[in-house]
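Right, one structure below, let's go through it.
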Amino acid sequence: MKYALIGCGRISPNHIEAAKNNNLEFVAMCDISPEVMKEKSDKFGLQHVKKYTDYKEMLKEEKPELVAIATESGKHASIALDCIEAGCNLIIEKPIALSIEDADAVIKAGREKGVVVCANHQNRFNKSIQKIRDALERGRFGKMFYGTAHIRWCRDYEYYSRADWRGTWEQDGGALMNQCIHNIDLLRWMMGNEIDTVMGMTDKLNHEYIEAEDLGIAIIKFKNGSYGIVEGTTDIYPKNLEETLYLFGQKGTIKAGGASVNKIEEWRFSDLLDDPNAVMAEFGENPPNVYGFGHTPLYADVIDAIKNHRDPYVTAEDGKRALELVLAIYKSAAEGKPVKLPLTSCSTMDFKGRFGERKRMR
């Protein structure tokens with residue numbers, strides 16, 4: 001299967017490794033910076049792969065069957081629409097878009113063209129998360145009461161100085177949209193997806209050189225009567241602390257923790273079907289960074305979905321749900337009142353100027 005990568009920045013090594021692990025025919029890579037492409041090409045032995053600075057030219061010349069989009073977030077939707085028009089199946093890095101309208105356009109175009117469009121929420125493939133999901137689908141929790149997602153990370157001046165688009169409303173959003181959306185996706189997915197109301201607060205406490213928030217807190221009421229809590233920040237000193245997901249039900253309690261919810265740290269069920277210590281020992285991973293090991297199985301699933309003409313495990317609609325929840329938190333925080341879902345129209349650009357202008361980086 002002919003594969004191409006658009007965007008060779010911070011997350012691209014995970015995509016490159018996943019493509020190689022799944023034996024894809026890596027035909028092309030694209031980035032506006034030839035230097036960045038050369039660095040990744042040399043590091044991963046991709047000297048034979050065609051290099052492009054114009055993705056439209058790449059699509060025309062190479063005609064890839066599967067494309068991964070790993071550019072700045074604000075360009076995801078427009079690039080995706082061009083790829084879909086060219087007949088490409090897609091893996092789109094999170095977030096799938098920065099507005100409800102753009103997400104809807106990607107979903108509609110993908111369905112009409114009959115291509116597979118996957119939102120890259122790779123943490124769904126963590127061994128820990130798959131074990132928790134299995135327990136949920138088997139009804140082991142009983143009635144769900146509430147769940148919480150905590151993302152306590154550090155992003156410093158050096159991180160933001162490497163790419164001018166980071167932390168901007170036009171191309172990124174803040175901590176919730178960039179760093180926290182994976183765990184926000186897991187929380188919504190585990191708690192039943194359908195949301196009634198969101199109440200949020202956001203602030204910029206420690207990053208004067210970005211436009212968007214570095215702290216977000218929210219309470220969510222799901223339509224099934226359960227609740228969710230989100231706490232996400234990039235203000236933790238001096239390095240990443242944890243990413244955790246708690247689920248509390250009538251008959252079960254779990255905690256997934258570690259750097260990227262990659263370890264089960266609590267496992268308690270009234271049915272006593274398994275030994276908690278054995279589960280915690282078996283369903284834990286120790287990835288080298290917060291991106292985890294999920295890209296390779298996500299790629300494998302997308303390849304299988306293409307071959308068997310089915311939806312991927314993580315759909316474009318799933319990507320929209322995660323985006324919608326972040327935008328709802330932003331909207332509630334800006335308006336100072338609860339927000340009802342679904343959102344029919346909302347964009348990160350609706351909040352431009354909310355925390356004032358960012359100070360120029362040195």
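Here the gap between ALA300 and GLU39, fully extended at 0.36 nm per residue and compared with their Cα-Cα distance, gives a gain of 91.4 nm.
Extents of segment 263-340, taken as max minus min of Cα coordinates on every principal axis and listed largest first, are 47, 39, 31 Å. Label 7 Å along Cα→Cβ of SER345; segment 71-103 residues with amide nitrogen under 14 Å? Taking a point 7 Å out along Cα→Cβ of SER345, the residues of segment 71-103 whose backbone N falls under 14 Å are 100-102. Relative contact order, whole percent, for the chain stands at 20, derived from Cα pairs under 8 Å and 6 or more residues apart. Length available on full extension from GLU266 to GLU85: 0.36 nm per residue minus the Cα-Cα distance, which gives 60.6 nm.
Structural descriptor for segment 263-362: relative contact order 14 percent, calculated from alpha carbon pairs under 8 angstrom and at least 6 residues apart.
For the chain, excluding the exposed loop sites themselves (GluC sites (Glu not before Pro), DSSP loop, at most 12 other Cβ atoms within 10 Å), the longest remaining stretch covers 1-193.
How large is the translational diffusion coefficient of segment 35-192 in µm² per second when you combine the Kirkwood radius over alpha carbon pairs with Stokes-Einstein at 37 °C and 0.692 mPa s? Reported coefficient: 182 µm²/s. Remark: the chain carries a charge dipole of roughly 320 debye about the Cα centre, counting +1 on each Lys and Arg Cβ and -1 on each Asp and Glu Cβ.
Anisotropy class assigned to segment 165-246 is prolate, per the alpha carbon gyration tensor with a/c at or over the 1.5 cut-off and a/b larger than b/c.
For segment 311-342, applying the loop criterion from DSSP together with a ceiling of 16 other beta carbons within 10 Å to the trypsin sites (Lys or Arg not before Pro) yields no site.
When the C-alpha to C-alpha distance is required to be over 20 Å, the pairs from LYS40/LYS320; LYS75/LYS352; LYS108/LYS320 that qualify are LYS40/LYS320. Computed as a quarter of the hull surface, the mean projected area of the alpha carbon convex hull for the chain stands at 17.5 nm². Specify whether the C-alpha gyration tensor of segment 115-191 places it in the rounded, prolate or oblate class, a ≥ b ≥ c being the square roots of the eigenvalues: rounded for a/c under 1.5, otherwise prolate if a/b is larger than b/c and oblate if not. It comes out prolate by the Cα gyration axes. Per residue, the convex hull around the alpha carbon atoms of segment 1-88 comes to 81 Å³.
Extension gain for the segment LYS359 to GLN130, taken as residue separation times 0.36 nm less the Cα-Cα distance, is 78.2 nm to one decimal.
Exposure proxy ranking for TYR237, TYR3, based on other Cβ atoms within 10 angstrom of each Cβ and starting from the fewest, stands as TYR237, TYR3. With the convex hull of the Cα atoms taken as the outline of segment 210-362, the averaged projected area works out to 13.6 nm². Applying a 4.7 Å Cβ-Cβ cutoff to the chain leaves CYS8, CYS30, CYS118, CYS154, CYS180, CYS346 as cysteine residues with no disulfide-compatible partner.
What separates the Cα centres of segment 295-337 and segment 215-235 is a distance of 17 Å. When the trypsin sites (Lys or Arg not before Pro) in segment 202-267 are filtered for DSSP coil states and for at most 15 other beta-carbon atoms within 10 Å of their beta-carbon, the remaining sites are LYS223, LYS239, LYS251. Taking a ≥ b ≥ c as the square roots of the eigenvalues of the Cα gyration tensor, segment 148-292 is oblate, since a/c reaches 1.5 or more and a/b is not larger than b/c.
Taking label positions 7 Å along the Cα-Cβ direction at both LEU205 and LYS239, the computed distance is 2.2 nm, reported to one decimal.
Where a number appears in this text, it was derived from the coordinates with a stated rule and is not lab data. Keep in mind it's a predicted model, so treat the numbers as computed, not measured. FYI the Cβ positions are ideal-geometry reconstructions off the backbone, even for glycines, and counts take in every protein chain you see.
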